[in-house]
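Okay, structure first, notes after.
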Amino acid sequence: MSHEMIENALESLLEGFEELQGEIEQEVLGHVIEEPDAADPPSEEQLDRMDEMFFTKVQSSVAKLAESGRCEAGDMLAMISVLAEALEELAPELFDESEEEELEAE
C-alpha cells in the first residue's frame with residue numbers, strides 16, 4: 001500500500017511540475033511549448049526568467065509545507081536524497097553529465 005502511495009505521489013508531483021512549467025511558458029512566451037522549435041527557441045533571457053519563476057514557485061510550496069508543520073525540512077531532504085540515489089542507480093548518465101558540466105564551468 002505505501003509503495004503505491006509513493007508511486008501515486010511521484011506521478012502527481014510530475015504532473016504538477018508539468019502543469020507549472022506550462023503556466024510559466026504561457027506567461028513568459030505567450031504559449032506552451034509542445035515540442036521544442038529549433039527555428040524559434042526561447043531567448044536566454046526568457047529561459048532565465050522561466051527558471052527563476054519555476055524555482056520561486058517551488059520554493060514557496062516547500063516553505064508552505066514546512067510552515068504547516070506537516071513535514072519538516074529534514075524530512076523533505078531525506079526524501080529527496082533517497083530519490084536522487086535511486087535515480088543515480090537507474091540513470092547514472094544523468095549524474096555523469098552534471099559532473100562534466102561542472103568541470104567545464106571551472
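Details
- Residue order, fewest to most beta carbons within 10 Å, for Arg49, Arg70: Arg70, Arg49
- Using alpha-carbon coordinates, inclination of helix 92-105 to the longest axis of the chain, degrees: 60 degrees
- Helix 2-29 and the long axis of the chain differ in direction by around 20°, with both axes built from C-alpha atoms.
- Cα long-axis angle, helix 73-90 against the chain (0 to 90 degrees, to the nearest 10): 70 degrees
- The chain - Rg over Rh from alpha carbon coordinates, Kirkwood radius: 1.01
- Helix content alone sets the calculated 222 nm mean residue ellipticity of the chain: runs of n ≥ 4 DSSP H residues at -39500 (n - 2.57) each, divided across all residues, give -28000 deg cm²/dmol.
Throughout, read-outs are computed from the coordinates displayed, never taken from laboratory work. This structure is a prediction, so every number in the text was calculated from the model and none was measured. Reconstructed Cβ throughout: ideal geometry from the backbone, glycine too, with neighbour counts over all protein chains shown.
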